[in-house]
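Here is the structure we will look at, set down as structure tokens.
The values are calculated or read from the model by the stated rules, or taken from the named source; none is laboratory data. Predicted model only: the values in this text are computed from it and were never measured. Quick reminder, even Gly has a Cβ in these numbers, built from the backbone with ideal geometry, and neighbours come from all protein chains shown. Each accessible area value is taken on the protein alone, full model and side chains, heavy atoms only, with ligands, DNA and RNA left out. Shrake-Rupley method; radii C 1.70, N 1.55, O 1.52, S 1.80 Å.
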Amino acid sequence: MNLPLLRAEGIIVNEDKTEILVQCDFVESFYRLPGGSIEFGETAGEAIKRELIEEFDLALNIGQLACICESIILYDGKRRHDCTLIHWCSSNNTMNYLLHKEVPSIKLVWRTISQLSERPFYPEGILDIIVSGDNFIKHIKREKTYE
């Protein structure tokens, strides 16, 4: 039996909250929130900090929980269940982009809300939560098959 995977991701906003720092490939065919798996004994905030330092040498300030995202997906013939704790975050980094230290085809870039709406943005439904601007913790549930 597969066990659910516990993950943590950050909605990293700039100082005036006009741009979000997102992860993507070089052609920007998609955007996603940066983060990764939570290790045993680690909080979601600690996992976000660790992942961004390991992958991009990026220090973050971790804020409050914004969303819990549950995804039950079928991908490449395998079913998986991910539960992701998504926090509001901020960074003093003003670089246009940062390259992933281990996967050079992945980068972090600052993008506006309108730019994020032009391509797939994962997890699905997160853009609505970012735009809403309220302080209520949201719950996204997705069940999907990817081919």
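Given the structure, is SER114 out of contact with any Ser or Thr (no Cβ under 9 Å at 6 or more places or on another chain), of a type in the set (Ser, Thr, Tyr), under 18 Å from GLU51 (Cβ atoms) and at pLDDT 90 or above?
Criteria not met by SER114.
Quick check: is even one residue across the range 88-103 under 24 Å from ILE38 (Cβ atoms), touching a Leu at 6+ places or on another chain (Cβ under 6 Å) and without any contact (Cβ under 8 Å) to a residue 60 or more places away in the chain? Yes, the conditions are met somewhere in the range 88-103.
Restricting to the range 61-71, name every residue that is open to solvent by 50 Å² or more (accessible area, probe 1.4 Å) and either under 16 Å from LYS141 (Cα atoms) or touching a Ser or Thr at 6+ places or on another chain (Cβ under 7 Å) (or both). Scanning the range 61-71 gives ASN61, ILE68, GLU70. Among the residues in the range 1-9, are any among the aliphatic types (A, V, I, L, M), modelled with pLDDT of 95 or more, under 20 Å from ASP57 (Cβ atoms) and in contact with a Phe, Trp or Tyr (Cβ under 8 Å, 6 or more places away or on another chain)? Taking every residue of the range 1-9 in turn, none turns out to be among the aliphatic types (A, V, I, L, M), modelled with pLDDT of 95 or more, under 20 Å from ASP57 (Cβ atoms) and in contact with a Phe, Trp or Tyr (Cβ under 8 Å, 6 or more places away or on another chain).
Out of the residues in the range 74-95 that are β-branched (Val, Ile, Thr) and open to solvent by less than 60 Å² (accessible area, probe 1.4 Å), state the one that is nearest to the chain's Cα centre (by Cα).
Here the answer is ILE86.
The residue of the range 19-38 that is most open to solvent (accessible area, probe 1.4 Å), among those that are farther than 18 Å from LEU85 by Cα and in a strand (DSSP E or B), is GLU19. Of the residues making up the range 101-142, those that are of a type in the set (Phe, Trp, Tyr) and open to solvent by 60 Å² or more (accessible area, probe 1.4 Å) number 2.
With respect to the conditions (1) under 27 Å from SER132 (Cβ atoms); (2) outside any strand (DSSP E or B); (3) among the charged types (D, E, K, R), ASP82 falls short on a single one, namely (2). Between LEU98, LEU58, LEU52, the distinction of being open to solvent by less than 60 Å² (accessible area, probe 1.4 Å) and assigned to a strand (DSSP E or B) belongs to LEU98 only.
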